[in-house]
Amino acid sequence: MGRRAGPPVAWGERVIEIPLVDLRAQHEQVADEVADGWAEVLKTTAFINGPQVARFESEFAAYQEVPHAIGVGNGTDAIELALRALGVGHGDEVVLPANTFIATAEAVARCGATPVLVDCVDDTLLIDASQVSSAVTSRTKAVVPVHLYGQAAPVELITGVPVVEDAAQAQGARRNGVAVGGLGVAAATSFYPGKNLGAYGDSGAVLTTSDAIAESVKLLREHGSPRKYEHPVLGFNSRLDTLQAVVLSAKLRRLEAWNQARRAAAARYTEMLADVERVRVPVVLDGNLPVWHLYVVRVPDRDRVLSSLHAAGIGAGIHYPTPLHKTGAFGHLGGSFPVAEQSAAELLSLPLFPEITESQQTRVVEALTEALND
């Protein structure tokens, strides 16, 4: 029903007919607006710190219902700069879940701090807030819960320590009526192209309700400089460039509709998979309004099932195959996190994007059912 979202694409020797994410279909909706905006930037040559950057920051802050949005170079920088603005540095500790993309821990390590891992909850795979208090020590400076797959972590259960939200997958999500970005003292988000709000390259932002944190991040992203050739602190070069701001503003105007389309597609998947044996569908935490960055099921014999889906032209994926303490970069952290470890062997991300059609989802479910029954 409806057009196919983009032509088939090659994946190794296989042809993927239904991609995990279809950026081409999304671009078609904003192409003219982006072209006009880029033409204006090229005309004025304000490639860095052009007026479009401040405009997008204001628009995005209003959308996320916080006073401040500070554009930076990427989502990893956003986490690091938010932590540094809180004073996190060498010798400090930061608590985070074991089941997240490596960038969350990477940003902590780049501050000179030590990541302290906790497990996730089995049904939602969000951070197990009940484990946070026992992980906190006198050296703990922050907790970074991850709003995983498009739904918010239970931030209200984390008390006594500043919370920096990893909101890279949750632009527009809400918890108990509050937009992500305003649940902690600060939040970091990514505009990597595949995100719900994605740029045409790397970029990110820090969100905060704190004037002091906002000013610190602005200073840090610009070589520690409040004005040209003044550098009272050591900073970084991490700015949102003007061309990306044009793209993000064009997409932001459509984000709410796109997120609603994702919700509808997720609901269809859940209904279609209700009677499929050996599939665990995602669970939404009470109080959450998710934006379904990913639709992640859990299946037995995952790697074989994934291979079968690819052979059938379905662009499924894994988010994430290896908990942090099992990676080479952070294996030294050690520890045992049984839920993260077990789920990592079962996770399977099904194709999901705003333009996905019911017929495409039917084909995905058919292929998944066939793979499970092989």
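Laboratory data are not the source of any read-out in this text; all were calculated from the coordinates shown. Just so we're clear, the structure is a prediction, and the values are computed from it rather than from any experiment. Cβ: placed from backbone, ideal geometry, glycine included. Neighbour counts: every protein chain shown.
Laid out as a table, the results:
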quantity: Trypsin sites (Lys or Arg not before Pro) restricted to segment 120-182 and DSSP loop, no more than 15 other C-beta within 10 Å; calculated: ARG139
quantity: Virtual paramagnetic centre 7 Å along Cα→Cβ of LEU23, amide N under 19 Å, in segment 45-89; calculated: 72-78
quantity: Longest site-free stretch - the chain; sites: chymotrypsin sites (Phe, Trp or Tyr not before Pro), DSSP loop, at most 12 other Cβ within 10 Å; calculated: 48-228
quantity: Percent antiparallel among DSSP beta bridges (both partners in the chain, rounded to 5); calculated: 65 percent
quantity: Signed unit charges on C-beta, dipole axis of segment 29-249, positive-most listed residue HIS147, SER134, ALA186; calculated: ALA186
quantity: Helical contribution to [θ] at 222 nm, DSSP H n ≥ 4, -39,500 (n - 2.57), averaged over the chain, rounded to 500; calculated: -11500 deg cm²/dmol
quantity: Residues LEU289, LEU126, LEU333, sorted so that the one with the fewest Cβ neighbours within 10 Å comes first; calculated: LEU333, LEU289, LEU126
quantity: C-alpha center-to-center spacing [segment 50-67, segment 255-298] in angstrom; calculated: 29 Å
quantity: Candidates GLY235, GLY204, GLY328, ranked by Gaussian network fluctuation over the chain, Cα under 10 Å, top entry; calculated: GLY328
quantity: The chain: relative contact order in percent, alpha carbon pairs under 8 Å with at least 6 residues between; calculated: 22 percent
quantity: Among HIS332, GLN26, ALA312 the positive-end extreme of the charge dipole of the chain (Cβ point charges); calculated: GLN26
quantity: Order of LYS251, LYS43, LYS195 - criterion: other Cβ atoms within 10 Å of each residue's Cβ, fewest first; calculated: LYS43, LYS195, LYS251
quantity: Cβ-placed point charges (K, R +1; D, E -1), dipole of the chain about Cα centre in debye, nearest 20; calculated: 560 debye
quantity: Out-of-range pairs (alpha-carbon distance over 30 Å; input LYS141/LYS326; LYS195/LYS228; LYS251/LYS326; LYS218/LYS326; LYS228/LYS251); calculated: LYS195/LYS228; LYS251/LYS326; LYS218/LYS326; LYS228/LYS251
quantity: Antiparallel DSSP beta bridges within segment 29-249, as percent of all bridges there, nearest 5; calculated: 55 percent
quantity: Residues ILE127, ILE16 arranged by fewest to most Cβ contacts within 10 Å; calculated: ILE16, ILE127
quantity: Alpha carbon centroid spacing (whole Å) that separates segment 327-374 from segment 202-244; calculated: 36 Å
quantity: Rough spin-label spacing in nm, given labels placed 7 Å along Cα→Cβ, for SER307 and VAL15; calculated: 2.3 nm
quantity: Length-normalised contact order of segment 29-249 in % [C-alpha pairs under 8 Å, at least 6 apart]; calculated: 27 percent
quantity: Inter-label distance for ASP36 and ARG139, nm, one decimal - labels placed 7 Å from Cα along Cα-to-Cβ; calculated: 5.5 nm
